[in-house]
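Notes to accompany the following structure.
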Amino acid sequence: MKHVDIHPCFSCKLPDCDDQSSDCGLRRACNAYRRCIKKGEEISQEMRAKYNIAYKEIYADRRNATRRGEPA
């Protein structure tokens, strides 16, 4: 499974990138993953991979800045 094939942005329905929108493919991937965890459902390899990609896209810059001691 290649990450390029399952990247949440490729299935996004928004005309322009807006990661603050609830329709954002990245947000939808994170929400689907969290919903499965909350319900105790099994998480597929593909869902886990999509969540990992989405989490890095949304939160990595802020997390890395915080680690370096910069304001987020």
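For a protection proxy built on the mean count of beta-carbon atoms within 10 angstrom, sort 52-63, 11-22 highest first, please.
Result, highest mean Cβ count within 10 Å first: 52-63, 11-22.
Given N residues in the chain, what is its alpha carbon radius of gyration divided by 2.2 N^0.38 Å?
So the Cα radius of gyration is 1.20 times the expected 2.2 N^0.38 Å.
What angle do you read, to the nearest 10 degrees and between 0 and 90, between the alpha-carbon axis of helix 25-39 and the longest principal axis of the chain?
Here the helix axis deviates by roughly 70 degrees.
Relative to the first principal axis of the alpha-carbon coordinates of the chain, what is the inclination of helix 45-67, with its axis defined by its Cα atoms, in degrees from 0 to 90 and to the nearest 10?
10
Rule-based calculations on the coordinates, nothing more; no lab input. Worth saying up front: this structure is predicted, and the values here are computed from it rather than measured. Here Cβ is always computed from backbone atoms with ideal geometry, including for glycine, and neighbour counts include all displayed protein chains.
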